[in-house]
Amino acid sequence: MSRYSALLLFIFAASPLAAQERQGLFVGVGLGWGALDITCEGCEVDRESGFSGNFRIGGALSDKVLLGAESEGWYKSVEGTSISFGTLTASAYFYPSSKGLYLRGGVGLAVLSASDGEFSDSDTGLGFSFGAGYDIPIARKTALTPYANWMFGNFDGGGANVIQIGLAVSFY
């Protein structure tokens with residue numbers, strides 16, 4: 001058994017059995033890994049892996065439905081060029097049961113940028129994000145949340161998307 005498997009087993013076994021309370025304001029911040037793919041007319045770009053993260057804030061309409069704003073980002077420096085991609089979306093979160101599983105989706109802005117120190121360029125377009133996660137309660141209003149997201153941006157002449165996995169701390 002790897003160290004990571006043992007850690008996940010410990011987290012699941014040690015987490016309280018009570019359902020997570022989702023009321024009022026919620027805030028979450030996560031870090032992880034992502035893989036960026038850029039599509040454009042006449043170009044071939046390999047998917048690049050790099051650092052990713054997210055931040056979310058909003059309010060609970062009920063124990064099963066939350067609305068908020070989410071910012072997701074991806075970053076990597078490749079041969080002296082910094083590349084970043086991110087979305088800022090209005091997002092909805094749906095918890096189908098009293099357990100911690102949620103599904104989410106959002107629509108908003110996407111930004112793709114690159115800079116080599118002398119020259120920089122960016123493009124803004126329509127952004128979408130979709131994902132799923134699982135809140136593992138560690139306190140009455142706090143959870144560790146492993147998540148997987150997909151974000152997409154549509155730009156003039158192309159697009160970009162990131163597959164993202166990570167671990168967040170969520171406060172309800």
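Computed quantities for the displayed model
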item: Selection status of ILE83, outside any loop (DSSP other than H, G, I, E, B) and within 18 Å of PHE171 (Cβ to Cβ); result: no
item: Per-region count, segment 11-51, residues assigned to a loop (DSSP other than H, G, I, E, B) and at pLDDT 85 or above; result: 3
item: Filter result (surrounded by 14 or more Cβ atoms within 10 Å (Cβ to Cβ) and out of contact with any Phe, Trp or Tyr (no Cβ under 8 Å at 6 or more places or on another chain)) within segment 60-71; result: ALA69
item: Near pairs, Cβ below 9 angstrom, 6+ apart or cross-chain, from segment 60-80 (under 18 Å from PHE171 (Cβ atoms) and at pLDDT 95 or above) to any residue that is among the acidic types (Asp, Glu) and crowded, with 20+ Cβ neighbours inside 10 Å; result: none
item: ARG104, sole failed condition from (1) of a type in the set (Lys, Arg); (2) under 23 Å from GLN23 (Cα atoms); (3) over 12 Å from the mean Cα position of the chain (by Cα); result: (3)
item: Single residue of segment 144-169 satisfying the filter (touching an Asp or Glu at 6+ places or on another chain (Cβ under 6 Å) and at pLDDT below 95) that is farthest from ARG56 (Cα to Cα); result: GLY157
item: Output for segment 118-135, where each listed residue is buried (at least 20 other Cβ atoms within 10 Å of the Cβ) and closer than 22 Å to LEU25 by Cα; result: SER129, GLY131, GLY133, ASP135
item: Where a residue in segment 131-143 is under 12 Å from GLU21 (Cα atoms) and its partner, wherever it lies, is acidic (Asp, Glu), with Cβ under 8 Å and at least six apart; result: ARG140/GLU21; LYS141/GLU21; ALA143/ASP135
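The values are calculated or read from the model by the stated rules, or taken from the named source; none is laboratory data. Note that the structure is predicted; figures quoted are calculated from it, not measured. No Cβ is skipped: glycine too gets one built from the backbone with ideal geometry, and neighbour counts run over all protein chains shown.
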